[in-house]
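Undergrad: Below is one structure. I have some questions about it.
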Amino acid sequence: MSRAQRIVFGTFALLVAGLLGCGGASTPAASSTTPNSQQALPPAAEAPAGRADSAAADSASAPRDWTLAELKTLSRADMEREWGTHGVRAIPSGCSQDAVEITYDAAGTPRDTTKPTWTGKCIDAKTRIPANILSGVRKDATDKPAAIKPSFFDGHDALVFEYPGDWSLHLRELGPGLYLGRQAHGAEATGVVYLVGRFSGE
């Protein structure tokens, strides 16, 4: 082989080696990007699942609605617990169609002690003054308007009626339009509660 042929052959060999080297170097780089691109994928399904769990937890912790018949059967401890988990949204007006007085014995067992002459409570739409219906006649029991304010029982809002002689009634809504009122004298519960609901009129 002549010297000129050897130079041409050597140059060709170098070109081939260079091309092979470039192709081989690109392979690891290309393969190394695959894991990284997979790791960068966002966990799209996790967020909705988390929101669903949160919504389920909120639903489970929300206080339940009670009926009049159910409230009449609660023990004193159960009544106080349920009263404490509920609140009050607004002051109703008109007169209640439901009216029940409940007292508890030493064991906390409820008794319906509703007086035949008492058939409900009313709240004046303008003055907010509460009244009782006694023997079919509406009679104001106080000159202080009903108000939503913190109850001394637990510091949370209740619908409070204040009566002469340091008597008061602290109501919360335990069902749609159904209120349970805990009676107090001074800063002590008397153990008497009133269930009033379905206010209408005015």
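Residue-wise test of (1) without any contact (Cβ under 8 Å) to a residue 60 or more places away in the chain; (2) in contact with a Cys (Cβ under 9 Å, 6 or more places away or on another chain).
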{"site": "C95", "(1), (2)": "no, yes"}
{"site": "A125", "(1), (2)": "no, no"}
{"site": "T142", "(1), (2)": "yes, no"}
{"site": "G175", "(1), (2)": "no, no"}
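Undergrad: Would you confirm, using the coordinates I've provided, whether S75 is within 23 Å of G177 (Cα to Cα), at pLDDT below 95 and out of contact with any strand residue (DSSP E or B) (no Cβ under 6 Å at 6 or more places or on another chain)?
TA: Taking the combined requirement at face value, the residue does not satisfy it.
Undergrad: Is it true that T142 is hydroxyl-bearing (S, T, Y), at pLDDT 95 or above, part of a strand (DSSP E or B) and surrounded by 15 or more Cβ atoms within 10 Å (Cβ to Cβ)?
TA: Here the answer is no, as T142 does not meet what is asked.
Undergrad: Let me ask something else. Taking region 151-186 on its own, how many of its residues are touching a strand residue (DSSP E or B) at 6+ places or on another chain (Cβ under 6 Å), surrounded by fewer than 15 Cβ atoms within 10 Å (Cβ to Cβ) and at negative phi?
TA: Going through region 151-186 one residue at a time, the tally reaches 1.
Undergrad: Restricting region 58-89 to residues that are farther than 18 Å from D154 by Cβ and in contact (Cβ under 8 Å) with a residue 40 or more places away in the chain, which is farthest from the chain's Cα centre (by Cα)?
TA: My answer is K72.
Undergrad: Oh, and also: Given the criterion closer than 22 Å to A189 by Cβ and of a type in the set (K, R), identify the matching residue among R138, R64, R128, R111. Before the answer, list the steps.
TA: Working: R138 fails: closer than 22 Å to A189 by Cβ; R64 fails: closer than 22 Å to A189 by Cβ; R128 fails: closer than 22 Å to A189 by Cβ.
Going through R138, R64, R128, R111 in turn, the sole match is R111.
Undergrad: Of all residues in region 90-109, count the ones that are assigned to a loop (DSSP other than H, G, I, E, B) and either aromatic (F, W, Y) or more than 21 Å from D154 (Cα to Cα) (or both). Walk me through it before giving the result.
TA: Going residue by residue through region 90-109, those that are assigned to a loop (DSSP other than H, G, I, E, B) are 90-93, 105-109.
Filter once more, keeping what is either aromatic (F, W, Y) or more than 21 Å from D154 (Cα to Cα) (or both): 92-93, 105-107, 109.
So the count comes out to 6.
The values are calculated or read from the model by the stated rules, or taken from the named source; none is laboratory data. The structure presented is a predicted model; accordingly, all values stated were derived computationally and were not measured. Virtual Cβ from ideal backbone geometry, glycine too; neighbours counted across all protein chains shown.
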